[in-house]
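Visitor: The following block contains the structure, expressed as structure tokens.
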Amino acid sequence: RGLVLSVGPLGERDVAELVEAVTGTAPEADALRSFVQRTGGEAFFVTESLRAGSWSVAPAVDGTGASSVTVRAAVQERLADLSPRAARVLDVAAVLGTRFRLDVLAETAEVPLAEVRTLLGEAAEAGLSAGAAVDRGAFRHDLLRDAVYDTLTPADRCALHHTAADVLAGYARRGRDTGPAEVAHHLFLAGPEHAPRAARFAREAAARAEALYAFEDAARWYERAAEAWGHGEAWGHGAVETDEDGGASPGEQPEFAEVLIGLGTARFGAGEPGAAREALLRAARVARELGRGDLLARAALGLGTGPVGFEVDLSDREQVDLLVEARDAVAGEPAHAGLRAAVTARLSLAGGLVETEARRVALAEEAVRVAEETGDPAVLGPALAALCDALSGPDHCRDRLAWSTRIVTTARDLRDPVLELLGRRLRLVALTETGAFAAADAEVTAYEAVVRPLRRPLYAWYVPLWRGSRALMEGRYDDCAAALDEVEALGREAGSANAALLAGTQRWCLYTATGDLDGMTRLLAVMPPLDRLPGLWPRVSLALLAAQFGRLEEAARRLSAVAPHLGTAPRDSEWLPMVAQAAETVAATGHHPCASALYDLLAPYAGLYVVEGIGAAVRGPVDRHLALLAAAMGDDRRAHAHREAALRSAEATGAMPLADRIRGETGAGSA
């Protein structure tokens, strides 16, 4: 007669030896840990999994996993020893998962809760269940649960998943601790006839994930909702399903467009701008087929990273065209006045390269007016931001300071962190331009406090950018370089074109400050060619770069070609840095015929600071550049006055390297 010895759970080291003996390769730590957890370390399940070659196979996404024939047979033997009622409770438990709530199990199985505990105790004696705590139960490990689940017929599984979904949905309606994700999970497994209902719970699960800034989870739930509309396989491979004419498929409804808009938003949040764009353009096509201007508007807004529009691609002409179409589609509909204001504001912003300055200002002012008429602060914030962008030049620094402060206040009232970040970004630039550096430093700290919990690179890279800018002003060049590395890493993760551009701008200023021409050469090799970019500012930058590399005749020629246009150029956010760069070029080349005209252009802005990009770098007080121009004109009196004003300002902000540069540029001793 044989003696049966009970073998307790094997430890990770023992399991690792078995895996290596069978496979000839030592298992990786994570895979080993997962295998031990899935089998509970039980010798039988470990050896059977190794024999079946499935030791490293992870459970399926839906929580199910195929068990081997021998494992299923062993589990069926244990199930046969149970009472029919205990076996049925265990079947239902397998549908709920490896770990389950006793109240949900009792109601789904239609067995009193007290009896459920007794029946689970019976299953525990058979080596199937881990027993029951006060409110929860569990299988001993995943393989046991999978094997029990595999004994169910497909029809039984679907029916039990549907019942579980109904139970959980009822709990959710009564405010009990149940989320829509659980309901959606069971409905998806209950069969295609429940797909519309599953999609609605999946959308709710996605919305909850978004509220927690879990954008990857949100995208997955939106994708599951898309599956319920018959488009599931397409979304996993970067394709979309269309009819023969390329339009919306006949069965599509507004709910599908909503899903696509949500998916686009979530993918932006997850740092997948290409996939986000795909979903949003698809949503726009569906909305167009349905004649839904409101959905078309929301899809158009989504292309600019959502309703707040934190980072909008100005080169995206398709976005501009869609905004124009959406604006017309919601015109004259009082119910969509807020959407019209939002789309109008975004059109002002996105049309930066194709609309005139007057047109952009008119659009932004219209957006603010309509937003105020609606009384919706969520619309007013982005409208004010569009106005800040349309009037971004040096004539409106203090206006933008007031408007951005209002955006921050509105966002805090709404508890909208992204809108607050946008307002603080605008406010920081205005403070820097007016020389209020202590307040600007405080704004960086406030911005960082808001952005940290979001854990979103799209917003986070500004903090090291501004820290780097401050380090550059104070001559902490190593700190600036380290901050730039962080900006670039976060920018790549976010897929942000702005991060790369502004990091390049700051690196240029860093290499200029340190005299690193080799670094500047490397930078120019990886940056987009300036002569291919639109506008005047790249042409001025090329002139200054030529001067910095000692090609003075080339610098003078380039400056002569662009100087006549500077006075008529839009006085936007690029204008003051552009004219300041022209002044630095004049100083590098010596006297230039445009010096007097440049002086007249800059003179009204004495007292302000020249700020590159969105606070990427500070070129110094405008008085510094006026001093350079006056010196080039031979006007020593005005050069001295401006230099002294610039020195006082630079020293007051702690920018001692800048102060040293100002002293050396025009000769501190001249009068």
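The values are calculated or read from the model by the stated rules, or taken from the named source; none is laboratory data. If you're wondering where the values come from, they're calculated on a predicted model, not measured in any experiment. Here the Cβ is made from the backbone with ideal geometry for all residues, glycine too, and neighbour counts use every protein chain on show. The area values use the complete protein model at the heavy-atom level, side chains included, leaving out ligands, DNA and RNA. Shrake-Rupley method; radii C 1.70, N 1.55, O 1.52, S 1.80 Å.
Visitor: If you take the charge dipole of the chain about its Cα centre, with +1 on Lys and Arg Cβ and -1 on Asp and Glu Cβ, which of Leu502, Thr108, Leu628 is farthest toward its positive end?
Guide: The residue sitting farthest along the positive end of the dipole is Leu628.
Visitor: Can you give me the relative contact order of region 572-671 as a percent, contacts being Cα pairs under 8 Å and 6 or more apart? Don't jump to the answer; show the numbers that get you there.
Guide: Details: 132 pairs, mean separation 24.1, N = 100.
Averaging sequence separation for qualifying contacts and normalising by length gives 24 percent for region 572-671.
Visitor: Let me ask you something else. Using bins 10 angstrom wide from zero, how does P(r) for the chain break down, in % of all Cα pairs?
Guide: Calculated over all Cα pairs of the chain, the distribution is 3, 13, 19, 18, 15, 13, 10, 6, 3, 1, 0, 0 percent.
Visitor: Next question. Decide, for region 510-631, between rounded, prolate and oblate: order the square roots of the alpha carbon gyration tensor eigenvalues as a ≥ b ≥ c, take rounded if a/c falls under 1.5, and otherwise choose prolate if a/b is larger than b/c, else oblate. It would help to have the intermediate numbers written out before the result.
Guide: On the way: a/c = 1.38, a/b = 1.29, b/c = 1.07.
Verdict is rounded for region 510-631.
Visitor: If you place +1 on the Cβ of every Lys and Arg, -1 on the Cβ of every Asp and Glu, and leave all else neutral, what size is the dipole of the chain about its Cα centre, to the nearest 20 Debye?
Guide: Values: 70 positive and 94 negative charges, 229 e Å.
About 1100 debye.
Visitor: Let me ask you something else. Give me the percent of the accessible area of region 556-637 that comes from carbon and sulfur atoms, probe 1.4 Å, all protein chains in place.
Guide: On the way: 1440 of 2790 Å².
With neighbouring chains kept in place, the figure for region 556-637 is 52 percent.
Visitor: Follow-up. Could you work out the relative contact order of region 326-442, using alpha carbon pairs under 8 angstrom and six or more residues apart, expressed as a whole percent?
Guide: Values: 153 pairs, mean separation 22.9, N = 117.
Averaging sequence separation for qualifying contacts and normalising by length gives 20 percent for region 326-442.
Visitor: Sticking with this one: What is the ratio of the Cα radius of gyration of region 376-431 to 2.2 N^0.38 Å, where N is its residue count, to two decimals?
Guide: Numbers: Rg = 10.1 Å, N = 56, 2.2 N^0.38 = 10.2 Å.
Compactness ratio reported: 1.00.
Visitor: Can you check what the net charge comes to around Ala164, using other residues whose Cβ is under 11 Å from the Cβ of Ala164 (Lys, Arg +1; Asp, Glu -1)?
Guide: On the way: positive: Arg101, Arg157; negative: Glu107, Asp166, Glu182.
That sum, taken over residues with Cβ under 11 Å, equals -1.
Visitor: For Gly567, enumerate residues with amide H under 5 Å from its amide H, sequence gap 5+ or separate chain, H modeled in the peptide plane.
Guide: Those lying under 5 Å, H to H, from Gly567: there are none.
Visitor: Separate question: Please compute P(r) over all alpha-carbon pairs of region 92-209, binned at 10 Å starting from zero, and give each bin as a whole-number percent.
Guide: Final binned percentages: 14, 43, 33, 9, 0.
Visitor: A follow-up question, please. Enumerate the calculated ³J(HN,Hα) couplings along region 395-402 in order (Karplus 6.51 cos²θ - 1.76 cosθ + 1.60, θ = phi - 60°), each rounded to whole Hz, writing x wherever the residue is Gly or Pro.
Guide: 6, 10, 4, 6, 4, 5, 4, 5
Visitor: Where the centre of each part is set by its Cα atoms, how far does region 373-425 sit from region 278-296, in angstrom?
Guide: Cα centroid to Cα centroid, the span is 28 Å.
Visitor: Name the long-range amide H neighbours of Ala130: under 5 Å, sequence gap of 5 or more, or other chain; modelled H, no Pro or chain starts.
Guide: Ala138, Phe139, Arg140
Visitor: If you take the Cα atoms of region 560-654, find Rg, then find the Kirkwood Rh from the mean of 1/r over all pairs, what is Rg/Rh? Could you put the intermediate results ahead of the total?
Guide: Values: Rg = 12.6 Å, Rh = 13.3 Å.
My calculation of the ratio gives 0.95.
Visitor: Sticking with this one: What is the helix-to-structure angle for 437-451, meaning the angle in degrees between its Cα long axis and the longest Cα principal axis of the chain, kept from 0 to 90 and rounded to the nearest 10?
Guide: Taking the Cα atoms of the chain, the angle to 437-451 is about 20 degrees.
Visitor: Counting Lys and Arg as +1 and Asp and Glu as -1, each charge on the Cβ, what is the dipole of region 512-593 about the Cα centre in debye, to the nearest 20? Mind dumping the intermediate values first?
Guide: On the way: 7 positive and 8 negative charges, 36 e Å.
Charge dipole of region 512-593: 180 debye, to the nearest 20.
Visitor: When the dipole is taken about the Cα centre of region 112-211, and only Lys, Arg (+1) and Asp, Glu (-1) are charged at their Cβ, what size is it in debye, to the nearest 20? Please report the intermediate quantities before stating the final value.
Guide: Working: 12 positive and 14 negative charges, 85 e Å.
Computed charge dipole of region 112-211: roughly 400 debye.
Visitor: Continuing with this model, one more query. Hey, what's the per residue convex hull volume over the C-alpha atoms of region 311-457, in cubic angstrom?
Guide: Working: hull volume 16.9 nm³, N = 147.
Hull volume normalised by residue count: 115 Å³.
Visitor: So with the 1.4 Å probe, I'd like the accessible area per residue for the chain, rounded to whole Å².
Guide: Value for the chain: 44 Å² per residue.
Visitor: If I take every Cα pair under 8 Å that is 6 or more residues apart in the chain, average their sequence separation and divide by the length, what percent do I get for the relative contact order? Walk me through the intermediate numbers first.
Guide: Details: 1023 pairs, mean separation 40.8, N = 671.
Rounded, it is 6 percent for the chain.
Visitor: Excluding ligands and nucleic acids, what accessible area in Å² is computed for Met633 using a 1.4 Å probe, to the nearest 10?
Guide: It works out to around 60 Å².
Visitor: Still on this model: I'd like the Karplus ³J(HN,Hα) series for region 183-188: coefficients 6.51, -1.76, 1.60, θ = phi - 60°, whole numbers in Hz, and an x wherever there's a Gly or Pro.
Guide: For region 183-188, the Karplus-derived couplings read 5, 4, 4, 6, 5, 4 Hz, x marking Gly and Pro.
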